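Q: Could you have a look at this structure, given as structure tokens, before my questions?
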Amino acid sequence: MTDQDRPQTGEEALRWAASFLKDRGWTNQAARQEARLLLAKAWQKDALHLTIELKEQPDEAVWASFHSFVQQRGENVPLHYLLGEKEFMSLSFKVSPAVLIPRWETELLVEEAIRLGKARAQAEPSSEGLPPLRILELGTGSGAIAVSLAYYLPAALLVATDISKEALQVARENAARHGVLERISFRQGDLFAPLAAGERFELIISNPPYLDAREMQQLPPDVRKEPALALAGGEDGLAFYRRIAGQARQHLAPNGRLLMEIGWQQGEAVKGILTGQGYAPVKILRDLEQRDRVVVY
């Protein structure tokens, strides 16, 4: 079957796509899984329920979409940019080339923030008069972190900043999708720049760019197609931690907490940056692979 021949069944289309991807370095399992997801996207069906369609011939529009998706994936366009969706914290988020694709590792950061937010409420015998939990996210991107926090902490009010106008549009769409847009103030600007001098927060959270110059040169081909602004952390990967540590105290409420995701080899370095700025105690949390992943002040 040539690339342009429309297959007789969905199953035949899947076989072509899997072969196409395997020829370009995909494992057999990955090729089959991705082909099924892309066919479901083209057919506008749920991949788990793509059964009857596998026996039917895809129409010209479905085949054209699927053919294009598979070719783009073979050129290392990230899978989730093609699907337009990524699950995070059991919620579905829109993603586009304007934003970094959420990673499962970042869920640890969000889970710890949720734990701290709930602990604050539980610490008060009567939380009826407790002011709303105010949370600041720096570099919101798709909004996955801020939206998840608003969703799972229904009493929280959030501010989420990002330097990218395009990223903020995606974030707003995700907030609206999950019914939390009214509780998140999205603001364009670099880190703390969009904030007023007196704004303070109980939690400041960020997954800042943290790849160093060497890591940026060694990125997998598909990751290179994600926004460099969301990945590059300067020569040593620590530039944003220094900036955040230098400014966060001005915006932390009394007893406020600062949480940041880190690269797996950066735990002690980031802890040193924070303690050097007077943040103490600082703890390091490990992810499911037992790698340093989050610092918490």
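Q: What residue among ALA230, ALA42, ALA167 has the largest mean-square fluctuation in a Gaussian network model of the chain, using Cα springs under 10 Å?
A: Ranking ALA230, ALA42, ALA167 by mean-square fluctuation puts ALA42 first.
Q: DSSP loop (so not H, G, I, E, B), at most 16 other Cβ within 10 Å: list which trypsin sites (Lys or Arg not before Pro) in region 22-98 pass both filters.
A: Working: sites: LYS22, ARG24, ARG32, ARG36, LYS41, LYS45, LYS55, ARG73, LYS86, LYS94; in loops: ARG24, LYS45.
Of the trypsin sites (Lys or Arg not before Pro), the ones in loops of region 22-98 whose Cβ has at most 16 other Cβ atoms within 10 Å are ARG24, LYS45.
Q: What is the spin-label model distance, in nm, from GLN122 to ARG24 if the labels are put 7 Å beyond Cα along the C-beta direction?
A: Label-label distance for GLN122 and ARG24, simple model: 4.8 nm.
Q: Can you list the residues, at least 5 places off or on another chain, whose amide H is less than 5 Å from the amide H of ARG134, using H built in the peptide plane?
A: LEU157, GLU202, LEU203
Q: Filter the GluC sites (Glu not before Pro) in region 1-107 down to the DSSP loop ones having no more than 11 other Cβ atoms within 10 Å, then list what survives. Before the final figure, lay out the partial values.
A: Numbers: sites: GLU11, GLU12, GLU34, GLU53, GLU56, GLU60, GLU75, GLU85, GLU87, GLU105, GLU107; in loops: GLU56, GLU75.
Taking region 1-107 and a limit of 11 other Cβ atoms within 10 Å, the loop GluC sites (Glu not before Pro) found are GLU75.
Q: Can you give the % of DSSP beta bridges in the chain that are antiparallel, to the nearest 5?
A: Details: 11 of 31 bridges.
Just about 35 percent of them are antiparallel.
Q: Here's another thing I want to ask about it. Lys and Arg at +1, Asp and Glu at -1: add these up for the other residues within a Cβ distance under 11 Å of LYS22 and post the number.
A: Values: positive: ARG15, ARG24, ARG32; negative: ASP23, GLU34.
Net charge in that neighbourhood comes out at +1.
Q: Considering only Cα-Cα distances, which of the following residue pairs are longer than 21 Å: LYS118/LYS283; LYS118/LYS165; LYS22/LYS94?
A: Values: LYS118/LYS283 19 Å; LYS118/LYS165 32 Å; LYS22/LYS94 27 Å.
The answer is LYS118/LYS165; LYS22/LYS94.
Q: Sticking with this structure for a sec: Based on the alpha-carbon gyration tensor of region 9-97 and its eigenvalue square roots a ≥ b ≥ c, which shape applies: rounded if a/c is under 1.5, prolate if not and a/b is larger than b/c, or oblate? Each step should come with its number before you reach the end.
A: Values: a/c = 1.58, a/b = 1.18, b/c = 1.34.
Judged from the Cα gyration tensor, region 9-97 comes out oblate (a/c at least 1.5, b/c at or above a/b).
Q: I would also like to ask the following. Which aspartates and glutamates have a Cα less than 12 Å from the Cα of LYS45, not counting those fewer than 8 places away in the same chain?
A: In chain and number order, the partners are GLU53.
Q: What relative contact order, as a whole-number percentage, does the chain give when Cα pairs under 8 Å and 6 or more residues apart are counted?
A: On the way: 499 pairs, mean separation 40.0, N = 297.
Value for the chain: 13 percent.
Q: Same structure again: Can you classify region 167-297 as rounded, prolate or oblate using the Cα gyration tensor, where a ≥ b ≥ c are the square roots of its eigenvalues, rounded means a/c under 1.5, and otherwise it's prolate if a/b beats b/c and oblate if not? It would help to have the intermediate numbers written out before the result.
A: On the way: a/c = 1.64, a/b = 1.07, b/c = 1.53.
Judged from the Cα gyration tensor, region 167-297 comes out oblate (a/c at least 1.5, b/c at or above a/b).
Q: Set Lys and Arg Cβ to +1 and Asp and Glu Cβ to -1, take the dipole of the chain about its Cα centre, and tell me which of ILE204, GLN122, GLY179 lies farthest positive.
A: Checked the options; the winner is GLN122.
Q: Which aspartates and glutamates have a Cα less than 16 Å from the Cα of LYS86, not counting those fewer than 8 places away in the same chain?
A: In chain and number order, the partners are GLU34, ASP46, GLU105, GLU107, GLU173, ASP222, GLU226.
Q: Skipping prolines and chain starts, which residues have an amide H placed within reach, meaning under 5 Å, of the one on PHE88, given they are 5 or more residues away or on another chain?
A: Sorted by chain and number, the residues that satisfy this are PHE93.
Q: In region 136-216, which GluC sites (Glu not before Pro) are in a loop and have at most 15 other Cβ atoms within 10 Å, using DSSP for the loop call?
A: Values: sites: GLU137, GLU166, GLU173, GLU182, GLU199, GLU202, GLU215; in loops: GLU199.
Passing sites in region 136-216 are GLU199.
Q: Right, here's the next one. Report, in debye and to the nearest 20, how large the dipole of the chain comes out about its Cα centre when Lys and Arg carry +1 and Asp and Glu carry -1 on their Cβ. Don't skip to the answer; put the middle values down first.
A: Numbers: 35 positive and 39 negative charges, 136 e Å.
It works out to roughly 660 debye.
Q: What's the center-to-center distance, using Cα atoms, between region 65-79 and region 165-217 in Å?
A: 29
Q: What residues of region 139-153 lie in the reach of a label at ASP190, counting those whose backbone N is under 14 Å from a point 7 Å from the Cα along Cα→Cβ?
A: It comes to 139, nothing else.
Laboratory data are not the source of any read-out in this text; all were calculated from the coordinates shown. Bear in mind the structure is a predicted one, so any value in this text is a computation, not a measurement. Note: ideal-geometry Cβ built from the backbone for every residue, glycine included; neighbour counts use all protein chains shown.
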